[in-house]
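Trainee: To start, I am sharing the structure in question, which I have written as structure tokens.
Rule-based calculations on the coordinates, nothing more; no lab input. Here the structure is a predicted model, which is why all the values come from computation and not from measurement. Here the Cβ positions follow ideal geometry from the backbone for every residue, glycine too, while neighbour counts run over all protein chains shown.
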Number of protein chains: 4
Amino acid sequence: MAQEIEIGLGKKGRRAYTLDEVSIIPSRRTRDPRDVSTSWQVDAYEFDVPIIGAPMDSVSSPKTVIEMGKLGMLGVLDLEGLWTRYENPEPLLEEIAQLPEETATARIQQIYAEPIKPELITQRLHEIRDAGVYVAGALSPQLTQEYYSTVIDAGVDIFVIRGTVVSAEHVSSSHTPLNLKKFIYDLDVPVIVGGATNYTAAMHLMRTGAAGVLVGFGGGATSANLGTIGVQAPMATAIADAAEARRDYLDESGGRYVHIIADGGIGSTGNFIKSLALGADAVMLGTPLARAVEAPGHGMHWGAEARHQTLPRGKRTEVGTIGTLEEILHGPSHCADGYTNFKGYLRRAMATTGYTNLKEFQRCGVALNISNRL
Amino acid sequence: MAQEIEIGLGKKGRRAYTLDEVSIIPSRRTRDPRDVSTSWQVDAYEFDVPIIGAPMDSVSSPKTVIEMGKLGMLGVLDLEGLWTRYENPEPLLEEIAQLPEETATARIQQIYAEPIKPELITQRLHEIRDAGVYVAGALSPQLTQEYYSTVIDAGVDIFVIRGTVVSAEHVSSSHTPLNLKKFIYDLDVPVIVGGATNYTAAMHLMRTGAAGVLVGFGGGATSANLGTIGVQAPMATAIADAAEARRDYLDESGGRYVHIIADGGIGSTGNFIKSLALGADAVMLGTPLARAVEAPGHGMHWGAEARHQTLPRGKRTEVGTIGTLEEILHGPSHCADGYTNFKGYLRRAMATTGYTNLKEFQRCGVALNISNRL
Amino acid sequence: MAQEIEIGLGKKGRRAYTLDEVSIIPSRRTRDPRDVSTSWQVDAYEFDVPIIGAPMDSVSSPKTVIEMGKLGMLGVLDLEGLWTRYENPEPLLEEIAQLPEETATARIQQIYAEPIKPELITQRLHEIRDAGVYVAGALSPQLTQEYYSTVIDAGVDIFVIRGTVVSAEHVSSSHTPLNLKKFIYDLDVPVIVGGATNYTAAMHLMRTGAAGVLVGFGGGATSANLGTIGVQAPMATAIADAAEARRDYLDESGGRYVHIIADGGIGSTGNFIKSLALGADAVMLGTPLARAVEAPGHGMHWGAEARHQTLPRGKRTEVGTIGTLEEILHGPSHCADGYTNFKGYLRRAMATTGYTNLKEFQRCGVALNISNRL
Amino acid sequence: MAQEIEIGLGKKGRRAYTLDEVSIIPSRRTRDPRDVSTSWQVDAYEFDVPIIGAPMDSVSSPKTVIEMGKLGMLGVLDLEGLWTRYENPEPLLEEIAQLPEETATARIQQIYAEPIKPELITQRLHEIRDAGVYVAGALSPQLTQEYYSTVIDAGVDIFVIRGTVVSAEHVSSSHTPLNLKKFIYDLDVPVIVGGATNYTAAMHLMRTGAAGVLVGFGGGATSANLGTIGVQAPMATAIADAAEARRDYLDESGGRYVHIIADGGIGSTGNFIKSLALGADAVMLGTPLARAVEAPGHGMHWGAEARHQTLPRGKRTEVGTIGTLEEILHGPSHCADGYTNFKGYLRRAMATTGYTNLKEFQRCGVALNISNRL
């Protein structure tokens, strides 16, 4: 790796950058926003905006996933969340939103101790399919082997395997771990898998045959990975690394283009746009969608990491409610906080820097501005 | 560009610096403040201080523009603001100042939806001309073609074209964009145009025949470009880049000197002075003038970006009221907050570092002091 | 030393890094947490977790030291603390916890003015021995000569000599200082000694024959060394330096492995884990254990530096009470603040980065992430 | 100058460091504090601690200057302050301490508009002389020519000329400026002059024949130079630069040793000690002495910069009252805030790093720790 810095004698580390340390710099050309396209296609599926909803119970329910699809993005249901553990999770969603700060994690752990019911996986996916939008569901790498056949039988267009860190090489002495390469090869549907946080990890996931790689480590607003296990992969560096792996793998594979999807810690339109400028093909959003009027979290936001029974690495976080899903995606905005009109601001940023499509926009110039403050 | 740093594999960016990261360092010589001149001349027009008022409704009305002229600086009226949309905008200015935080942008969007009236452009410019000061008005690049002949017919001494990012090369498939080079060549009056944020963009604007180039991207106190579209051009780096373009263009053009005008994010006398030390010929001020007793914003401050109907990239911001325009420009100061006596502190800084005129002061030594705190 | 930076002409300094500036980066491999071992052995003594309790009265009493031993870590009694000055210090511990902020240090100075009683040293160590756990006690370098024979006669398994800065070469004109090399050679028990903060100091302490070297300078939550005497040794750099000294000394000595124990400023599971990833063999914890229900400090925390009669370099600090010692060490966690389940999160971090034992984990990849915020 | 960094094309600046970015690193040797000497000698005058009181009305009155002398440091009276403008300034000192924040500067400007009375200069200096301590008084470079003969006739041991920036080469078209070289040569008493902020400026002041050079730019707690005129000279870099000039001048002059006195922005024992470690021979203290029970400022602190009639570059700042002058200089401390016992902590820092006198301590190792927080 380039630019290793000596932390102390005998230990080096790379200087890695967060999205907040980067800003987009205009070039000498501008363009009419009407000539700009934000469309994104992965496998046979085309979307109006390069946005995937995070499979988190505070973001995705069958109902919001359907609405996301109708609005031109991809919604993904968490197949290990409340909707596959309970027939009617709505009272529990309301309860979680009301829990006092101090006891929230403990009660979330209890609620998620309820076992997953395979028949609910089937039922939820059918609900989404019936609405006529693309169907996508997510499992963790730990439970993929147990539930994937239920998922495939129920029918999905895109299969998501998402964990804090997913490696192509998981080692265990007590059980045979999921062989990602064989698993993906055998599946008929495109798989999006991650998080990976650097060139090597992303390259290995690409070699499994994945259609897309999630870049991130669970670094969003609800995460506590840095404080609990010391892990953090600053996103600007992680995205640029993974994009380089995409280019190298394209060559190595003789032309297979694997999509890079930035996942985690992208709370505003500004950071969303920077992620694409740094090389991402699409972005998985949590917090911005949890702010929707329709969001199941009722203004609260939490992820899978908060429900671990003994080692929670995430927290329920208040994000508030600021507008409808449609306003968040398509505007109009009546406030310049970067929380609404993701498509509109993206289009404007592309016009301001002179690019007409997302692939070109990945070449956008950026500067390091360490003292950036929003 | 020099000093590119690897953000991640395959993506580099320059380290760019804000004014806050820079400080002026005294040299071995000092000078009597009485021997120092702060005068500035662009084209045939000479000013006592190198300050241009920002064409923003919270700063400039016909009345304050006239007063600015009498105080030795250049006032510029926003020809797309309230004064050309309404016969009597004063009640609306008062209403905007009183709006609650949450709904301010939405109401501003409504108020500015009123169409521009060409006869009011004429009327406002005549009012200023009648007062005997230099006349300057600003249009956005989008509306320049529609209204410039009205402006020229009404008569201006200096014509300002100001947008967040103005490029010499704007591309559109649906209409023929303004050809800046031809437009400026055909005009009889000197044109100040921008913002540009780097060497190349500034150089291209110089080649259009502009008398002055605004350096900035809408980065002032009322701006939200970083949060909404991820764009930011740290001003210390942008000014130094543009000054280098000025030197190179001077050579390329065989002697045409194009003025560099720092625009945006300069709230105090300290940053004003640093801008000049970094190579600016003059500075466009918004916030400092919005703090005047006479300011039409009544202690509130907002720019054109806040009135975009679907994509606001700016906010109404409270700046307070601290003294008369005269005190802000010429003092005396009775408080060391850097909000008053712009001329006096500039003179003092020049004396402290041993320079007698602004052109020499551009060679002033500076240091990078990353942990600067005001 | 590498990477010296010019602070000014004629004065250079190394850029040194704190734990907060470092983060662990996952590699391409993950591992089953059940295959991971956190065990640590120093001399003949083996522990379930690589944790030593700091010898501070807010952390260690005979009772908590015994409990620490039973929980698989090493507890160390401060042999110059309240338990060897008073027959029954419990009312004083309660009083200290209740003192108002302004007068806390002054009253602490009074309470610790009471002389140390050798017979209490003997009595306390016997209490611990009788409970069947490993016995360890700490003296300062200043008082080691006066009390060590009492300690040895009472019987300890591990002898700790701990000061802010302990050097192998202490110079005095008025008395013969402790000859550490001879002293350690003559003792029958393994000695852990420090703090050392760089390669040279650590190397010199290794050459005294110590079994372990404490790396730190009194930089924990209760310390005020930076503000009072300007001394600070950022821990990430200090640990990496000392680990390099360990490697070089291993070669120089023909195979003697001296343990590196990070000591100070490690308040969370995240920083604990980073210390090990940077090369530490074990970690001495203060604040995390002072947060225990059983902690003698009753939610307050202070160290030896606060009791200096004329030059206090530490403060009583509120750390709160968050769970039992068992929860802090072994979980389960019901909150992701990084304050409980040190063993569990360590195991998880090792699994996430693909390592099976602590020695291998010292090779873990890290990144510099200067704008880290927990 | 070394290590110039490109701010933008065509403008470079040095990275300069503040005291907060530096920390002292222990070496491999420690020393008995009783073997450490903190004494300092300039010309024929010897002091117990290397501390000079800042000539500011909130710090120095005839009474406190006398007490400072008795406590082993050098007190300096501001000969342009209230004590030479008013027969009895005590009611005014009390009034200033009570002024509301908003109007403090305006009223300070009024109070200091009262003319200086030469006979009061004489009277104040005689009072100090009569007490049997060294006599030192300070003038600004602007008024030195007008009042120096009064000062010399009254009798001083050390003459101080102190301004924000004092250059050896002051240029004026309207009057003949003070020729420092000739002036100092003609005087019979040693002169301390400054501030200088870099190698060249310090070297030029040394060549005037000064006994000591103040290093600083008015950067203390009461200063607003950065905000008002953009000037700041980070102290760690400035001190190291000036110390290098001292070494070079020593050679150039064939052995004349000019003392470097750090002046400004040194509020704690930690920063005081770091200044000496970076190469200063002594330190001029303002804030720490303004915190004395005896301080004329009654817990408030202000300097000459606040009284400028039209361009104040300083503010009255609340610093509080924390102990007697004796406690501040010699302790004992009952709080680890770094506000008391300057001598004790210095002695301790020297012992911790193994040095016996101040000259040796200038070689002390330091590290750059950018994320330092007190």
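Trainee: Kirkwood hydrodynamic radius (Cα pairs, Å) of the range D:298-366? All intermediate terms of the calculation are to be shown ahead of the outcome.
Mentor: Details: mean 1/r = 0.0678 Å⁻¹.
Result for the range D:298-366, one decimal place: 14.7 Å.
Trainee: In whole Å, how far is the Cα centre of the range B:315-365 from that of the range C:331-365?
Mentor: So the two Cα centres are separated by 55 Å.
Trainee: So, one more: What share of the DSSP beta bridges in the protein assembly as shown is antiparallel, in percent to the nearest 5?
Mentor: Working: 52 of 180 bridges.
Here the antiparallel bridges make up roughly 30 percent for the protein assembly as shown.
Trainee: Can you tell me what the convex hull of the Cα atoms of the range A:209-277 projects to on average, as an area in nm²?
Mentor: Numbers: hull surface 20.8 nm².
Averaged projected hull area, Cα only: 5.2 nm².
Trainee: When the Karplus curve 6.51 cos²θ - 1.76 cosθ + 1.60 is applied with θ = phi - 60°, which whole-Hz ³J(HN,Hα) does each residue of the range A:358-364 get, with x for Gly and Pro?
Mentor: Taking θ as phi minus 60°, the curve returns 5, 4, 5, 4, 5, 8, 4 Hz for the range A:358-364.
Trainee: A further question on this structure: On a C-alpha basis, how far is the centre of the range D:58-124 from the centre of the range B:96-149 in Å? Whole number, if you could?
Mentor: Comparing the Cα centres of the range D:58-124 and the range B:96-149, I get a distance of 54 Å.
Trainee: Next question. So how long is each side of the range D:275-324 along the principal axes, counting just the alpha-carbon atoms, biggest first, in Å?
Mentor: Principal-axis extents of the range D:275-324 (Cα, largest first): 38, 26, 13 Å.
Trainee: Applying the Karplus parametrisation 6.51 cos²θ - 1.76 cosθ + 1.60 with θ = phi - 60° to the phi angles of the range C:167-173, what ³J(HN,Hα) value in whole Hz is obtained for each residue in order, glycine and proline being reported as x?
Mentor: Values per residue, Gly and Pro as x: 10, 6, 10, 9, 10, 8, 8 Hz.
Trainee: Could you give P(r) for the protein assembly as shown, binned at 10 Å from zero, as whole percent values over all Cα-Cα pairs?
Mentor: Bin by bin from 0 Å, the calculated values are 1, 8, 14, 17, 18, 18, 14, 7, 2, 0, 0.
Trainee: Just to check I understand the Karplus step: with θ = phi - 60° and J = 6.51 cos²θ - 1.76 cosθ + 1.60, what whole-Hz values come out for the range D:37-48, glycine and proline as x?
Mentor: Ordered by residue, 3J(HN,Hα) equals 10, 9, 6, 9, 10, 10, 6, 8, 9, 10, 10, 6 Hz.
Trainee: Compute the signed sum of charges (Lys and Arg +1, Asp and Glu -1) over the other residues within less than 15 Å, Cβ to Cβ, of residue A:80. Write down the numbers at each step before the final one.
Mentor: Numbers: positive: A:85, A:117, A:124, A:162, A:307; negative: A:57, A:78, A:114, A:119, A:146, A:305.
Neighbour charge sum, excluding residue A:80 itself: -1.
Trainee: Further, regarding this structure: What shape does the range C:212-338 take by its C-alpha gyration tensor, where a ≥ b ≥ c are the square roots of the eigenvalues and a/c under 1.5 counts as rounded, a/b above b/c as prolate, and the rest as oblate? Working shown, then result.
Mentor: Details: a/c = 2.32, a/b = 1.29, b/c = 1.80.
Here the range C:212-338 falls in the oblate category.
Trainee: Okay, next question. On a full-extension model of 0.36 nm per residue, what is the gain between residue B:110 and residue B:87, subtracting their alpha-carbon distance, rounded to one decimal in nm? Don't skip to the answer; put the middle values down first.
Mentor: Working: separation 23, 0.36 × 23 = 8.28 nm, distance 1.66 nm.
Going from the current span to full extension adds 6.6 nm.
Trainee: Take the rotation relating chain A to chain D, measure from its axis to every Cβ in chain A, and name the nearest residue with the distance in whole Å.
Mentor: Here the value is A:370, 5.
Trainee: Just to confirm my numbers, what's the Cα centroid distance between the range B:169-230 and the range A:24-45 in Å?
Mentor: 21 Å
Trainee: Using a Gaussian network model of chain A with C-alpha springs under 10 Å, which one of A:325, A:125, A:99 is most mobile by mean-square fluctuation?
Mentor: In this elastic network of chain A, the residue with the biggest mean-square fluctuation among A:325, A:125, A:99 is A:99.
Trainee: Return the distance in nm (one decimal) between the two label points of a simple spin-label model at residue D:248 and residue A:35, each offset 7 Å from Cα along Cα→Cβ.
Mentor: In this crude spin-label approximation the distance works out to 5.6 nm.
Trainee: Separate question: Considering all alpha-carbon pairs of the range C:66-209, what whole percent are spaced by more than 22 angstrom? Write down the numbers at each step before the final one.
Mentor: Values: 4918 of 10296 pairs.
The proportion of pairs with Cα distances above 22 Å equals 48 percent.
Trainee: Over the range D:1-160, what is the mean sequence separation of C-alpha contacts under 8 Å (at least six apart), divided by residue count, expressed as relative contact order in percent? Show your work: numbers first, answer last.
Mentor: Details: 193 pairs, mean separation 28.2, N = 160.
For the range D:1-160, the relative contact order is 18 percent.
Trainee: Let me ask something else about it. Net charge near residue C:43: determine it from the other residues with C-beta under 14 Å of the C-beta of residue C:43, scoring Lys and Arg +1 and Asp and Glu -1.
Mentor: Values: positive: C:256; negative: C:46, C:157, C:188, C:281.
Net charge around residue C:43: -3.
Trainee: In nm to one decimal, list the spacings between the residue A:248 label point and its equivalents in the other copies, with label points set 7 Å along Cα to Cβ, shortest first.
Mentor: 3.3, 3.4, 4.7
Trainee: Can you compute the modelled spin-label distance between residue B:122 and residue D:146, with each label point 7 Å from Cα toward Cβ, in nm?
Mentor: Between residue B:122 and residue D:146, the simple spin-label model gives 6.0 nm.
Trainee: I've got another one for you. With the convex hull built on the Cα atoms of the range D:36-129, state its orientation-averaged projected area in nm².
Mentor: 7.5 nm²
Trainee: Springs between alpha-carbon atoms under 10 Å, Gaussian network over chain B: tell me which of B:74, B:226, B:278 tops the mean-square fluctuations.
Mentor: Sorting by GNM fluctuation, first place goes to B:226.
Trainee: Using a/c under 1.5 as the rounded threshold, could you call the range B:136-262 rounded, prolate or oblate? The axes a ≥ b ≥ c are square roots of the C-alpha gyration tensor eigenvalues, and prolate needs a/b larger than b/c, oblate otherwise.
Mentor: Details: a/c = 1.59, a/b = 1.12, b/c = 1.41.
The shape class here is oblate.
Trainee: Another question, then. Are any of the pairs C:182/D:274; B:274/C:12; C:181/C:343 more than 31 Å apart by Cα-Cα distance, and if so, which?
Mentor: In this structure, C:182/D:274; C:181/C:343 lie more than 31 Å apart at Cα.
Trainee: Just for chain D, what percent of DSSP beta bridges are antiparallel, to the closest 5?
Mentor: Values: 13 of 39 bridges.
Roughly 35 percent of the DSSP beta bridges within chain D come out antiparallel.
Trainee: On to the next question. Might you report the magnitude of the Cβ-based charge dipole of the range B:1-96 about its Cα centre, with Lys and Arg at +1 and Asp and Glu at -1, to the nearest 20 debye? Please report the intermediate quantities before stating the final value.
Mentor: Values: 11 positive and 17 negative charges, 158 e Å.
I would put it at about 760 debye.
Trainee: Residue C:137's amide H: which non-local residues (gap 5+, or another chain) put their own amide H closer than 5 Å, with H modeled 1.01 Å from N in plane and none for Pro or chain starts?
Mentor: C:77, C:158, C:160
Trainee: Across the range D:107-155, how large is the tail of the calculated P(r) beyond 16 Å, expressed as a percent of all Cα pairs?
Mentor: Details: 536 of 1176 pairs.
Of all Cα-Cα distances in the range D:107-155, 46 percent exceed 16 Å.
Trainee: Please report the relative contact order for chain B, taking Cα pairs under 8 Å with a sequence separation of at least 6, and give it as a percent rounded to a whole number. Present the calculation step by step, with values, prior to reporting the outcome.
Mentor: Working: 798 pairs, mean separation 85.4, N = 374.
Reported as a whole number, the value is 23 percent.
Trainee: If amide H atoms are built 1.01 Å from N in the plane of the peptide, which residues on other chains or at least 5 residues away come under 5 Å of the amide H of residue B:169?
Mentor: The list, which skips near neighbours in sequence, is A:30.
Trainee: Given a cut-off of 40 Å, what percent of all Cα-Cα pairs of chain A lie beyond it?
Mentor: Values: 6756 of 69751 pairs.
Looking at chain A, the distances longer than 40 Å represent 10 percent of pairs.
Trainee: State, as an integer percentage, the relative contact order of the range B:164-272 based on alpha-carbon contacts under 8 Å between residues 6 or more apart. Walk me through the numbers before you get to the answer.
Mentor: Working: 176 pairs, mean separation 29.2, N = 109.
Computed value for the range B:164-272: 27 percent relative contact order.
Trainee: From other protein chains only, count the Cβ atoms within 10 Å of every residue's Cβ in D:234-244, then give the mean. Let's see the in-between values first.
Mentor: Values: counts 10, 1, 4, 8, 3, 3, 8, 6, 3, 4, 4.
Average neighbour count from other chains, rounded to a whole number: 5.
Trainee: Right, another one. Can you compute the charge dipole magnitude of chain C about its Cα centre, using +1 on each Lys and Arg Cβ and -1 on each Asp and Glu Cβ, nothing else charged? Give it in debye, rounded to the nearest 20. Write out the running numbers ahead of the final one.
Mentor: Working: 34 positive and 43 negative charges, 250 e Å.
Using Cβ point charges on Lys, Arg, Asp and Glu, chain C gives about 1200 debye.
Trainee: So, by mean Cβ neighbours within 10 angstrom, what's the order for A:149-157, C:305-313, A:237-245, A:215-223 with the highest one leading?
Mentor: Details: A:149-157: 17.4, C:305-313: 21.0, A:237-245: 29.6, A:215-223: 26.8.
Going by the mean number of other Cβ atoms within 10 Å, highest first, we get A:237-245, A:215-223, C:305-313, A:149-157.
Trainee: Which percentage, to the nearest 5, of the DSSP beta bridges contained in the range A:13-166 is antiparallel? Show your work: numbers first, answer last.
Mentor: Working: 3 of 10 bridges.
The antiparallel fraction comes to roughly 30 percent.
Trainee: Most fluctuating residue of A:358, A:19, A:92 in a GNM of chain A with Cα springs under 10 Å: which is it?
Mentor: A:92
Trainee: Shifting gears a bit: Place the label 7 angstrom along Cα→C-beta at residue B:123 and in each other copy, then list the distances from the first to the rest in nm, shortest first.
Mentor: 6.9, 6.9, 9.7
Trainee: Let me ask something additional. Which whole-percent values make up P(r) of the range C:1-157 when all C-alpha to C-alpha distances are grouped in 5 Å steps starting at zero?
Mentor: 1, 7, 13, 14, 13, 11, 10, 10, 9, 7, 3, 0, 0
Trainee: Would you mind classifying the range C:35-88 by shape? Square roots of the alpha carbon gyration tensor eigenvalues, ordered a ≥ b ≥ c; an a/c under 1.5 is rounded, otherwise it is prolate if a/b is larger than b/c and oblate if not.
Mentor: On the way: a/c = 3.12, a/b = 2.61, b/c = 1.19.
Prolate, because a/c is 1.5 or more and a/b exceeds b/c.
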